[in-house]
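As C-alpha cells, the structure follows; a few thoughts come after it.
The values are calculated or read from the model by the stated rules, or taken from the named source; none is laboratory data. Please read these numbers as outputs of a predicted model, since none were measured by experiment. Cβ sites come from the backbone with ideal geometry, for glycine too, and all protein chains shown count toward neighbours.
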C-alpha cells in the first residue's frame, strides 16, 4: 500500500491554502501528492503525525479540494484513503471537508 | 481421643480466624488502593483540564489579535497558533477518548479556516465586534463549557 507521510514527504510545516500563500500549501500538497495517488485507484495511507500541526485552510484545500476542484467522487476518496493520526480531530475534520465538498456540489 | 479431636478443632478454628483476618486486611487494602488511585486519576484529569482550558483562553486572545490587528512577525504568530491548537487537540484526547471533536473543530475552523496563513495581500483585518471575531469567541466558550462540565463531573 502506498504511504504518504506528510512530515517526511512534504513538509513538517504545512501552511496556507493556495500556492500563492507559500511553498507548502494545501493546493501544492493536493496537486503534487494526492491527485496522482487518487488517480491510481489503489488504496493508500496518509500519515498526519510528525508535523507542527495543520491549519483548517490547509486541510480543506488539500482534501476538500479533491472533490471541489478536481471533481473526484467523495465516497470513493473516503474509501480509498486510510488516515493515520494521533489526533482524531484531524481525521474527523478532513472527512467532514471531503463530505461537505461532495454534498455541496 | 476426644481430647485430641477438640484440640485439633481449636487449632482449625484459630487458623480460620487468621485466614479471615488476613483476607479482610487484603480486601481492605485493595479497596483503599482502588479508591485512592481513582481519586488521584480524577485529580490528574482535573489539572489537565485546567491546563487545556488556560491554553484555549490564550488561543482565543491570539486568534482575535491575529485577525484584528496588523502583526509584524506574522509567521511566528501563525505557527504559535497552530502549535497551540495541535496541543489542545492532543491533550483533549487524553482527558477522555470519547471526547467529541466537534467543539475543537469549531475552534480550529473559527481561527484557521479563512484569512489564515494567506499571502499578506489577501489578508483582512477584522473589527473586534465583527461576526468573524464573535465566532472565535463563541467557539472558545462552547469548548470551555464542555471542559467545565467534564471538570465538575470529576468530583
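Look at residue A:3 and say whether it is away from chain B (no Cβ under 13 Å), in a helix (DSSP H, G or I) and either touching a strand residue (DSSP E or B) at 6+ places or on another chain (Cβ under 9 Å) or within 30 Å of residue B:121 (Cβ to Cβ) (or both). So residue A:3 fails the test. Within this structure, residue B:137 passes the test of being more than 14 Å from chain A (Cβ to nearest Cβ) and either buried (at least 19 other Cβ atoms within 10 Å of the Cβ) or modelled with pLDDT of 90 or more (or both).
For region A:1-35, the set of residues classified as farther than 25 Å from residue B:104 by Cα and under 12 Å from the mean Cα position of the chain (by Cα) consists of A:4, A:10, A:28, A:31, A:32, A:33, A:34, A:35, listed by residue number.
Could you tell me whether any residue of region B:97-106 is more than 8 Å from every other protein chain (Cβ to nearest Cβ), in contact with a helix residue (DSSP H, G or I) (Cβ under 8 Å, 6 or more places away or on another chain) and either within 18 Å of residue B:45 (Cα to Cα) or loosely packed, with under 14 Cβ neighbours inside 10 Å (or both)? Scanning region B:97-106, I find at least one residue that is more than 8 Å from every other protein chain (Cβ to nearest Cβ), in contact with a helix residue (DSSP H, G or I) (Cβ under 8 Å, 6 or more places away or on another chain) and either within 18 Å of residue B:45 (Cα to Cα) or loosely packed, with under 14 Cβ neighbours inside 10 Å (or both), so the answer is yes.
When residue A:24 is tested against (1) part of a helix (DSSP H, G or I); (2) within 13 Å of chain B (Cβ to nearest Cβ), just one condition goes unmet, and that condition is (1). Restricting A:33, A:24, A:54 to residues that are within 15 Å of residue B:78 (Cβ to Cβ) and surrounded by fewer than 24 Cβ atoms within 10 Å (Cβ to Cβ) narrows the list to A:24. Going residue by residue through region B:137-147, is there one that turns out to be over 18 Å from the mean Cα position of the chain (by Cα) and either in a loop (DSSP other than H, G, I, E, B) or over 21 Å from residue A:24 (Cα atoms) (or both)? Scanning region B:137-147, I find at least one residue that is over 18 Å from the mean Cα position of the chain (by Cα) and either in a loop (DSSP other than H, G, I, E, B) or over 21 Å from residue A:24 (Cα atoms) (or both), so the answer is yes. Which members of region A:83-104 meet the condition of being more than 13 Å from chain B (Cβ to nearest Cβ), crowded, with 18+ Cβ neighbours inside 10 Å and modelled with pLDDT of 95 or more? The one that is more than 13 Å from chain B (Cβ to nearest Cβ), crowded, with 18+ Cβ neighbours inside 10 Å and modelled with pLDDT of 95 or more: A:98.
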